[in-house]
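To keep things clear, I will list the structure first and then write my remarks on it.
The values are calculated or read from the model by the stated rules, or taken from the named source; none is laboratory data. Note that the structure is a prediction, hence the values are computed from the model and not measured. Cβ placement follows ideal geometry from the backbone for every residue including glycine, while neighbour counts extend to all protein chains displayed.
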Amino acid sequence: MVYKIGIVGSDNSHAITFSQIANGIDQENYVPGFRVTYLFGFDETRNREVAEKGGIEKIVSDINEMIGNIDIAFIEFRHGGLHLEYAKPFIENRIPVFVDKPLAATVADAVKIIELAKEKQTLLTSFSTLRFTDAVQDLKKIFRNEEPVFLSVLGPGDLESEYGGLIFYGVHCTEIFNEVAGTGVREVYATMKNKNIIATLIHEKLIGTIKIAPEMPYVFSLEGLTKKTHFSAKVDYKDCYKKGMMKIKEMLDNKQWILSGEEMLEPVAIVKAIEESIRESSRKPVLQP
């Protein structure tokens, strides 16, 4: 079976990346079983560019034209504040949805997307593809087999990003943290200097830190400590989009969510807790909702 994809949101570079993987333009990362057939976006010039580079057959001015003609919608807007509005029609029509990171710009919107998908019994997933990189999966395996003590994730991000603030890039770091440690962050303490952020996370199984800086090159790294092992690595993301596509195919083939609602929600909640802790400046705990 070939799953027909509708891309919703052309501003994100991922709209091109996923289209090229699905449509066989990127032969190195090609994942068979997909075909991007529809595209929706706000800017006509950008739409034409994405369609040409991604081999997309049809650009539409109304997302409702996709309903009944696609097997899954990819919500690709850079600003997570748009994700609930544009995912909702597909979920309500029981069309599977992949919401590219972040799931939403607020915890409230993220909860609404997840609860609506559960209510409508619609397949839903949302993730940073960095979850599936080798370094992240290697440390996750160590943490599953040994008692974890400490976890640190470092990456770029900007509290003042025009795409919803820290959530736009900061969620990469929190998704990596959750993929390795699992859900269970209970308190967050954060501080900032010159737009550079350090957050301490109190997880039910360990203590950790997330470091985010807007001046940082596009580099992600992680460090983990168990009672037996020290692990440190730079995240190599060269084939992460291919791995993400394979996870989406797994969801469609098996007709099962690949991440639970809690696993999709907590990375968003951690980012918002970091923002709140910075605003509070009193260094008091910021509890997860």
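Computed quantities for the displayed model
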item: Of all residues making up the stretch 42-64, the number that are part of a loop (DSSP other than H, G, I, E, B), under 15 Å from K4 (Cα atoms) and charged (D, E, K, R); result: 1
item: Residue match in the stretch 81-103 (condition: among the polar types (S, T, N, Q) and within 18 Å of the chain's Cα centre (by Cα)); result: no
item: Residue count, the stretch 1-25 (criterion: among the β-branched types (V, I, T), in a helix (DSSP H, G or I) and either farther than 15 Å from F98 by Cα or out of contact with any Phe, Trp or Tyr (no Cβ under 6 Å at 6 or more places or on another chain) (or both)); result: 2
item: In the stretch 199-253, residue nearest to L166 (Cα to Cα) [restricted to those that are in the same structural domain as A181 (by TED's automatic domain parsing), β-branched (V, I, T) and out of contact with any Lys or Arg (no Cβ under 7 Å at 6 or more places or on another chain)]; result: I212
item: Leading residue by the ranking (surrounded by the fewest Cβ atoms within 10 Å (Cβ to Cβ)) among those in the stretch 1-40 that are more than 19 Å from S61 (Cα to Cα) and of a type in the set (V, I, T); result: V2
item: The listed residue being touching a Leu at 6+ places or on another chain (Cβ under 7 Å), small (G, A, S), crowded, with 16+ Cβ neighbours inside 10 Å and more than 30 Å from N69 (Cβ to Cβ), out of S126, S152; result: S152
item: Test: residue in the stretch 176-186 that is polar (S, T, N, Q) and within 19 Å of E266 (Cβ to Cβ); result: yes
item: Test: residue in the stretch 79-92 that is touching a Ser or Thr at 6+ places or on another chain (Cβ under 7 Å) and not assigned by TED's automatic domain parsing to the domain that holds E160; result: yes
item: Options I75, I91, I70, I59: the member that is modelled with pLDDT of 95 or more, among the aliphatic types (A, V, I, L, M) and surrounded by fewer than 20 Cβ atoms within 10 Å (Cβ to Cβ); result: I59
item: Check on T191, assigned to a strand (DSSP E or B), in the same structural domain as D138 (by TED's automatic domain parsing) and over 21 Å from the mean Cα position of the chain (by Cα); result: yes
